[in-house]
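The values are calculated or read from the model by the stated rules, or taken from the named source; none is laboratory data. No experiment lies behind these values; they were computed from the predicted model shown. Cβ: placed from backbone, ideal geometry, glycine included. Neighbour counts: every protein chain shown. Heads up: the accessible areas ignore ligands, DNA and RNA and are worked out on the full protein's heavy atoms, side chains in. Shrake-Rupley method; radii C 1.70, N 1.55, O 1.52, S 1.80 Å.
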Amino acid sequence: ISDQKPLGCWSVKHGQILTCPVVCNFETHEYIAVHDDKVLRIWKNEDINLDKAFKATLSADVYRIHSLPHAGPLVLFRGGAVRTLDVLLEAPQQEIENIISDEAIRWSGAFMEGQQPVLIFTTEKDGDFFVYVQKPKLSSLHRYKLDQQESAKPLCFTAHITNQTVTLLCLYSNDSVYQVLIPLWQDTEEEEEEEEEEILSKSLLLKLSVSGAVLKGTSLVVLDKDHVAVLGGLAAPGKEPRECLTIWNTKFQTLQTSKELPLGTSGQLWCYEEKFFLIHGKVLTVIMYKCETSSLAAAVGKLKDSQTPDVSLFLNWNTLEDEELVVSFQSQESVALKAESRMNLRSRRSTVAQEQPETLSVGQRLLNFKGASNYVLETELKKMVAKAPAPDLQATIGCVVTALTDRCKRNPKYYPQNFLQKIVETHDLSYSLCPDLMAVALEKKDMHLLQICLERFPDIPEEVTYTCLKAFLSLSEANLQSIDVNVDSVICYIDVELDDKEVKTEIVENGFGAEMDQDMCDTKYPKESHFRSKGESCPVGLQKAALLNAVLHSAYTETFLLPHLKNLPAQQAILFLRYLYYLYVKCSEKVNTTLPGIRSPTINQIMDWMCLLLDAQFTVMVMLPEAKELLSNLHKFVRAQVRFYSELNKIEGSLQELQRLNHLRESQTYSIEVLEII
């Protein structure tokens, strides 16, 4: 998520509009969408074209589709009717009844009560709010009216079901959260008769204010029976409102913790499987949380803190004193948050001092090593990695690497090269677990570590990939000779000179004759290239080739990488294109178009990067005289390849016939046959 790499992308046709959120069917692992209110689409992850996906046109407008883990999806129509997806697909044009009249649905949610799905939705009409509770499989429906409040109106709703009771939480415009309890009746035949509309009374659950500051909430979610999360703007007297994500203890009426969001949000907050999802600026941010048993001591402690006039309760988790550590936030508070990517919660020193060593979290233990010597730090970190339990191993290693990189930033002379390389080589890490590692490696010019990260990390941002590429291309061959780089990806196919004698891999002519080969290999390359042969020679040294291969292995999204490649200096772009061209020729020498060696680039990677580089640098390439011969050679080679495969296509039928004859013929003795293709 920190890298914003789309794993799948589907779009409707021009003029069509997706009219409700897309959901996943947990039972079939399919996506379900509705566009233009009535058109249902169902597809799987491997499907590419949404227009070819399953399509069903319904007879009424859909408001929302709800997917439950152990039940089929429920479809809620704008008229209030509910159908399971299976029933709906049996007859898509079936008549859909209109349950609500002149009412607009404001919120809906689906839950499981035992083995039965329950769907709850709220509606509004002329300032009055109504609550509907449906059990689709039992054809049960109950309608209630919310107790009206003249001074405020509900802004958003959320709910949960416990012990046959629906707890509906309402965030009102008077900066308060109210609670409404609705019993789930066991329906009988007598109850199906018309009943008088029941008015639901509400009780004040929480007042969203602390030390004179008021939280203007926009979104509300339930975490457990004692905690809720509210997203909104904190308005302190005499200060500009600022958006915050807050967690409140409803049992003790206290604010537990908060995160300021300076880049702004969309006003929406989602919660799923102990993770918050929210839009912060232009980035989808995911924050993991864990609710622990609510305790009076923790609540009173926070209440005491909240009396300070500067509203110190609203912590900025990115600017606390020990910012250099990624901490697993497990203090006396009942809610412990730990954020992925940039939103990492930091523990405070006072908490560390109070905890016993055996109960310290990883982050708190790292704080204790802050002033330790380099040797002691590395020794203790190795012990932490070795003793880390399997479920927490990756998170622990991420904390360890971050602690090391932070010390490198503070102390320019400190750099545990071997320790960092060993960690990256022996564990499955990712860029998001240690986002500063590659930046430190670039600063220290640790090309071997960058090579390992490029080959192993699946989520490197395109900007970092481009920075590595630019750094590799800018290095001189003389400097690279003294750098330890893994050359397993190039040593088996690259042309090298040994004792002034040229060694060249055997060329199998694959679509171009000697004359064409000679024409393409007359290109003059800079003196720094010391790999020469009669044919095409590698324009870069052995070490630089290995580093460039690591870049070719790095995952990327074309849309994000292309703008960066446009900034690549012209001479570096030409050198990189020459190397890609060299690899392309080498692949074409082999019948299976596969280069030998470990982690050697594939023909698809080479072609993709070549096309991407030409797209980004085409104008520059055309204008530069030194690129003219390279582009001409590339054009000739590609044209020869096209011609060769075109000729193969012409005799494809004859070759298939020969293959069929060979299968039919039982030749047990050695023989030579000459077959003439006319």
(message) Give me the helices (runs of 4 or more DSSP H) completely within region 591-678, filtered to those with at least 2 residues that are modelled with pLDDT of 80 or more, ordered by residue number.
(response) 603-623, 625-650
(message) Residue under question is residue 470, and the condition is that it be within 25 Å of residue 586 (Cα to Cα), modelled with pLDDT under 90 and among the basic types (Lys, Arg); does it hold?
(response) no
(request) Could you grab me the full set of residues in region 511-557 that are open to solvent by 40 Å² or more (accessible area, probe 1.4 Å), at pLDDT 85 or above and not in a loop (DSSP other than H, G, I, E, B)? (result) 553
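So that you can scan it fast, the table gives a plain yes or no per residue for (1) touching a strand residue (DSSP E or B) at 6+ places or on another chain (Cβ under 6 Å); (2) under 18 Å from residue 579 (Cβ atoms); (3) at pLDDT below 90:
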| residue | (1), (2), (3) |
| --- | --- |
| 463 | no, no, no |
| 475 | no, yes, yes |
| 491 | no, yes, yes |
| 502 | no, no, yes |
| 506 | no, no, yes |
(request) May I ask you to list the residues in region 484-493 that are surrounded by fewer than 16 Cβ atoms within 10 Å (Cβ to Cβ) and either within 18 Å of residue 455 (Cα to Cα) or free of Cβ contacts under 8 Å to residues at least 40 places away in the same chain (or both)? (result) 484, 488
(message) For the list (1) more than 23 Å from residue 567 (Cα to Cα); (2) in a helix (DSSP H, G or I); (3) open to solvent by 50 Å² or more (accessible area, probe 1.4 Å), I need the number of the one condition that residue 439 fails.
(response) (1)
(message) Restricting to region 568-588, name every residue that is part of a helix (DSSP H, G or I), open to solvent by less than 10 Å² (accessible area, probe 1.4 Å) and touching a residue at least 40 places away in the same chain (Cβ under 8 Å).
(response) 573, 574, 576, 577, 579, 581, 582, 586, 588
(request) Give the residue that is farthest from the chain's Cα centre (by Cα), with candidates limited to residues of region 214-265 that are surrounded by fewer than 20 Cβ atoms within 10 Å (Cβ to Cβ) and small (Gly, Ala, Ser). (result) 238
(message) Looking at region 595-615 only, could you name the residues that are farther than 20 Å from residue 486 by Cα and open to solvent by 20 Å² or more (accessible area, probe 1.4 Å)?
(response) 603, 604, 607, 608, 611, 614, 615
(message) Looking only at region 119-142, count every residue that is assigned to a strand (DSSP E or B) and open to solvent by 60 Å² or more (accessible area, probe 1.4 Å) and tell me the total.
(response) 2
(request) For region 220-240, name all the residues that are over 14 Å from residue 278 (Cα atoms) and either in a strand (DSSP E or B) or modelled with pLDDT of 90 or more (or both). (result) 222, 223, 224, 227, 228, 233, 234, 235
(request) Give me a count of the residues in region 177-197 that are surrounded by 12 or more Cβ atoms within 10 Å (Cβ to Cβ) and at pLDDT below 90. (result) 3
(request) Tally the residues that are without any contact (Cβ under 8 Å) to a residue 12 or more places away in the chain and either under 28 Å from residue 222 (Cα atoms) or of a type outside the set (A, V, I, L, M, F, W, C) (or both), restricting the search to region 57-111. (result) 2
(message) Being at pLDDT 80 or above and surrounded by 13 or more Cβ atoms within 10 Å (Cβ to Cβ) is true for just one of 481, 451. Which residue is that?
(response) 451
